[in-house]
Every structure is written in structure tokens, then in C-alpha cells.
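The values are calculated or read from the model by the stated rules, or taken from the named source; none is laboratory data. Note that this is a predicted model, so its numbers are computed, not measured. Methodologically, a virtual Cβ is constructed for each residue, glycine included, from the backbone with ideal geometry; neighbour enumeration extends over all protein chains shown.
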Amino acid sequence: MKKLPLLVLLCAGIINLPLKAQYYYYDNKYYEADMVMEFGITGGIMNSFTDLGGKKGKGRSFIKDLRWKPARAAYGGYVMTTYKNALGIRLELTIGKVVGYDSILKNVASSTGGRYERNLSFESKISEFHLGAELYPMNLRYHDPDEEPSRLSPYGTVGVGYFSFDPQARLNGQWYALQPLHTEGQGFKEYKGRKPYKLHQLNYTLGMGLKFELSPMLNLRMELLHRILTTDYLDDVSTTYIDPTLFSTYLTPSQAAVAEKLYNRKGELNPNDDTAVGDQRGDPKDKDAYFTIMIKFGVMFGRPPRK
């Protein structure tokens with residue numbers, strides 16, 4: 001029986017060991033937990049890399065052709081869980097818009113190899129669900145139990161998303177969805193290699209960010225997240241000009257009339273346009289892409305107060 005009190009004391013000591021091995025936040029008011037939940041809202045900008053617009057020259061890949069003027073507002077929300085401040089899993093909803101227009105090249109028209117004269121434009125709403133993992137490399141190292149960790153943490157993120165888009169163009173003050181018009185002959189038997197593109201697709205994400213913990217329950221982030229797409233039709237432009245007489249074969253009379261005006265808009269700038277079937281309309285070698293730069297405000301749950 002004398003051994004029972006000793007056993008009780010030993011068990012109590014073991015139970016308390018995890019707490020002693022953890023560091024405290026803000027004057028020892030909160031314990032750190034292995035798993036922390038977070039709910040947050042986001043706001044920022046969305047921009048894209050497509051065939052339309054860009055900088056001077058014949059069109060360069062990725063950031064070399066980036067223009068900030070077409071950027072549009074984006075917003076969303078997320079829920080995530082973080083393990084030992086080192087690894088996070090996040091589910092996020094993002095809503096925004098991407099736009100592109102060749103008229104942005106007007107001041108450098110002589111250097112664009114005909115991109116300004118192409119005179120195409122588009123805009124598309126984007127809705128996206130994204131599942132991503134976050135890695136905080138600075139938090140992988142050992143922390144002294146008595147040392148308060150840094151409140152500023154850089155991180156990298158990778159993931160996969162499911163997004164919807166719907167490229168549209170404006171004609172005579174009215175917006176028209178471009179996918180049903182088959183502007184590059186997608187689905188026409190005369191262009192067997194051009195399949196109709198789907199308006200709901202997967203994307204793959206790469207990004208980096210910086211998290212600042214405002215308090216044990218609040219944090220603020222700034223994040224750049226790039227989407228790698230498997231489609232070149234975010235802007236409805238990819239390959240070559242088709243035979244416009246085919247529109248009346250495959251589309252209704254009203255659709256064909258609109259398609260004939262939107263598939264080639266060079267005549268709006270040059271009435272003597274002599275574009276031929278097979279002339280370059282886009283560049284299929286590089287897929288389209290879009291990205292966001294967001295500020296995120298999160299509320300955390302799971303850090304118990306010290307009693």
C-alpha cells in the first residue's frame with residue numbers, strides 16, 4: 001500500500017511532462033497545442049498570363065509578359081489545420097476575375113508583331129476550390145521550451161484546385177460567351193485535333209507567403225499563389241484562324257452571326273484586313289495561367305489558456 005502514493009505521484013508527473021515541454025505565448029497565458037484550427041477571410045488581386053495583351057515584342061512566356069493593369073479584385077475564405085506550426089492543410093474558396101485585351105499594346109504597336117492589330121479581348125469570372133499544403137521551414141527546427149517562437153514565419157505551399165471559368169467578349173455593348181461559339185473550330189470535323197474545352201477544370205498550385213501572428217488567436221498573411229493550367233483556352237485563344245463559312249454549318253444563324261464578328265476583329269482597326277485561314281491567332285506552345293496576391297486574416301482555435 002505504501003507504493004500507491006508513489007505510483008500516483010509518478011503518473012501525475014508523466015501527465016504534466018508534455019506541458020512542461022511546451023513553450024508559452026504572451027506572458028505564459030496560452031499553451032501551444034500540437035494541432036491548431038484556423039478560419040479566415042482573404043482579399044487581394046487576381047491576374048493572368050494568356051495570349052492576349054502583354055508587353056511589347058512578339059509575346060514572351062510567364063513573368064516577362066506580365067502587365068499589372070489588367071489585375072482585378074479577388075476575395076474568398078478558408079479553413080485549415082496546422083500541426084506543430086510546421087505543416088498546414090488548407091481548404092480555400094477564391095472568387096475573382098481575369099481579363100486580357102490586345103488594345104493595351106497600342107503605345108508599342110509597332111513592336112508587337114501583329115498582336116495589337118489582332119484586336120481580341122476577353123474577361124472571365126473565376127470560382128475556385130483549392131486544397132493545399134503549407135510548409136514552414138523555420139519551424140522544423142528544435143525550439144527551446146523556454147524560448148518564445150518567432151511571430152513571423154515564411155512558408156511555401158503546393159496544392160490542387162478545381163476551378164470554373166467562362167471567357168466572354170463584348171460586341172456592340174453586349175457580352176457574349178465565347179465557348180459556345182467555337183471560335184477556333186473546336187469540335188468541327190474539319191479541325192479534328194481541336195476538342196471543345198471544358199469550363200470546369202483542375203489546376204495545380206505553387207506559392208509562397210509570410211505569416212505574422214498578431215496574437216495567440218489572430219494572424220495575418222500575405223501570399224502569392226500561382227495556378228498552373230492544363231488548358232490554353234482561358235482567353236478562348238490558342239491556335240489559328242479557321243474558315244468562317246463553317247460557323248453557319250455548325251451553329252444557329254444567330255450564333256454564327258456573332259461568331260463571325262468575334263473570331264476575327266482585325267477589321268475593326270483595318271477594314272482592308274486580309275487574314276487567311278490558318279494564320280496564327282494564338283500560341284498553343286504555352287498554356288494559360290493565373291495567380292493571386294492575397295492578404296489573409298485568420299482566427300485560430302485550439303490554444304488552451306494557462307490556468
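Select from segment 236-261 the residues that are touching a Pro at 6+ places or on another chain (Cβ under 6 Å) and buried (at least 19 other Cβ atoms within 10 Å of the Cβ) and list them in ascending order. It would help to see each step written out before you state the result.
Of all residues in segment 236-261, those touching a Pro at 6+ places or on another chain (Cβ under 6 Å) come to 236, 238-239, 260.
Answer for segment 236-261, where residues must be touching a Pro at 6+ places or on another chain (Cβ under 6 Å) and buried (at least 19 other Cβ atoms within 10 Å of the Cβ): Asp236, Ser238, Thr239.
When Gly54 is evaluated against the numbered criteria (1) within 21 Å of Leu224 (Cβ to Cβ); (2) of a type outside the set (D, E, K, R); (3) at pLDDT 90 or above; (4) not in a strand (DSSP E or B), which criterion, by number, is the only one it fails?
Looking at each condition in turn, Gly54 falls short on (3).
Quick one: what pairs do we get from segment 280-295, first residue touching a residue at least 24 places away in the same chain (Cβ under 8 Å) and of a type in the set (Lys, Arg), second surrounded by 15 or more Cβ atoms within 10 Å (Cβ to Cβ) and not in a loop (DSSP other than H, G, I, E, B), C-beta under 6 Å, 6+ apart or different chains?
Listed pairs, sorted by first residue: Arg281/Thr240; Lys287/Leu229.
Considering only residues that are loosely packed, with under 12 Cβ neighbours inside 10 Å and either acidic (Asp, Glu) or within 30 Å of Ser127 (Cα to Cα) (or both), look in segment 269-298 and name the one that is nearest to the chain's Cα centre (by Cα).
Lys285
All but one of (1) over 16 Å from the mean Cα position of the chain (by Cα); (2) at pLDDT 95 or above; (3) surrounded by 17 or more Cβ atoms within 10 Å (Cβ to Cβ) hold for Gly59; which doesn't?
(2)
Please go through segment 64-100 and pick out each residue that is among the hydrophobic types (A, V, I, L, M, F, W, C), surrounded by 15 or more Cβ atoms within 10 Å (Cβ to Cβ) and part of a loop (DSSP other than H, G, I, E, B).
The answer is Leu66, Ala71, Ala86.
All but one of (1) at pLDDT 95 or above; (2) polar (S, T, N, Q); (3) over 19 Å from Asp235 (Cα atoms) hold for Ser111; which doesn't?
(1)
Scanning segment 249-287 for residues that are modelled with pLDDT under 95 and among the acidic types (Asp, Glu), which turns out nearest to His182 (Cα to Cα)?
The residue in question is Asp283.
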